[in-house]
Each structure stands twice: as C-alpha cells, then as structure tokens.
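The values are calculated or read from the model by the stated rules, or taken from the named source; none is laboratory data. Predicted, not measured: the structure shown is a model, and the values here were computed from it. Cβ coordinates were reconstructed from backbone atoms using ideal geometry, including for glycine residues, and neighbour counts include every protein chain displayed. Ligands, DNA and RNA are excluded from the accessible area calculation, which covers all protein heavy atoms including side chains. Shrake-Rupley method; radii C 1.70, N 1.55, O 1.52, S 1.80 Å.
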Amino acid sequence: MLEWMLRQVMAERGIWSGVELARLLREKADYSLSAPSISALLTSNPKQMKAATLDALCTTLNCKPNDLWVHTSQTKGA
C-alpha cells in the first residue's frame with residue numbers, strides 16, 4: 001500500500017499551507033497548480049499524477065519521489 005506523505009514532507013520543511021506551497025512551486029520550479037489541485041494533493045492520496053507535477057514537487061521540496069510516497073506491505077487478512 002502506498003501512503004502519501006506530502007503534508008509530512010512540507011512540515012519538515014516549515015511549509016504549512018497550500019498557498020505557501022503554490023508560491024514555492026512557482027518560484028522554485030516555475031510550475032503552477034490551481035488551488036483545487038493543491039487542495040486535493042493536501043487532503044487525499046492522489047490516484048494519478050503527471051510526471052511534471054511530481055518533478056515540480058520534488059524540485060520545490062528538495063526531495064525524491066520515495067520521500068512523498070511510502071510503501072508498506074499489506075498482509076492478507078489485515
């Protein structure tokens with residue numbers, strides 16, 4: 001199972017709001033996301049993601065994709 005860790009990665013970097021994330025995406029990665037798109041990323045696990053969005057998040061947050069998603073084994077019956 002994949003767990004989306006965006007909020008945790010943001011918190012580790014002192015980023016506390018979607019507005020701040022949007023500003024940093026524009027400044028550091030020259031990438032824009034709409035307010036609803038950022039809200040969706042902050043409130044639920046993404047079902048799909050453009051490679052460009054993942055690249056911009058990694059550039060902005062100075063992280064790797066495996067920092068944003070953590071894979072945990074899920075045993076049968078659990």
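Label point of W69 set 7 angstrom out along Cα-Cβ; within region 40-58, amide nitrogens under 17 Å from it belong to 41-58. Couplings 3J(HN,Hα) of region 11-27, computed from phi: 4, 4, 9, x, 9, 10, 9, x, 4, 5, 4, 4, 4, 5, 4, 5, 5 Hz, in residue order, whole Hz [Karplus 6.51 cos²θ - 1.76 cosθ + 1.60, θ = phi - 60°; x for Gly and Pro].
Around the amide H of W69, modelled in the peptide plane, lie the amide H atoms of M5, all under 5 Å away and 5 or more residues distant in sequence or on another chain. Among 56-65, 35-44, sorting by the average number of other beta carbon atoms lying within 10 angstrom of each residue, highest first, gives 56-65, 35-44. Between L2 and T43, the modelled labels are 2.1 nm apart [label points 7 Å from Cα along Cα→Cβ].
Among the chymotrypsin sites (Phe, Trp or Tyr not before Pro) in region 5-78, which ones are in a DSSP loop with at most 13 other Cβ atoms within 10 Å of the Cβ? Mind listing them? For chymotrypsin sites (Phe, Trp or Tyr not before Pro) across region 5-78 that sit outside H, G, I, E and B with at most 13 neighbouring Cβ atoms in 10 Å, the list reads W16. Take every Cα pair under 8 Å whose residues are at least 6 apart in sequence, average their separation, divide by the length of the chain, and the relative contact order is 50 percent. Of the trypsin sites (Lys or Arg not before Pro) found in the chain, the ones in coil according to DSSP and having at most 11 other Cβ atoms within 10 Å of their Cβ are K47, K50, K76. With all protein chains present, how much of the accessible area of the chain (probe radius 1.4 Å) comes from carbon and sulfur, to the nearest whole percent? Its accessible area is 52 percent carbon and sulfur atoms.
Each Lys and Arg adds +1 at its Cβ and each Asp and Glu adds -1 at its Cβ; summed about the Cα centre, the chain shows a dipole of about 160 debye.
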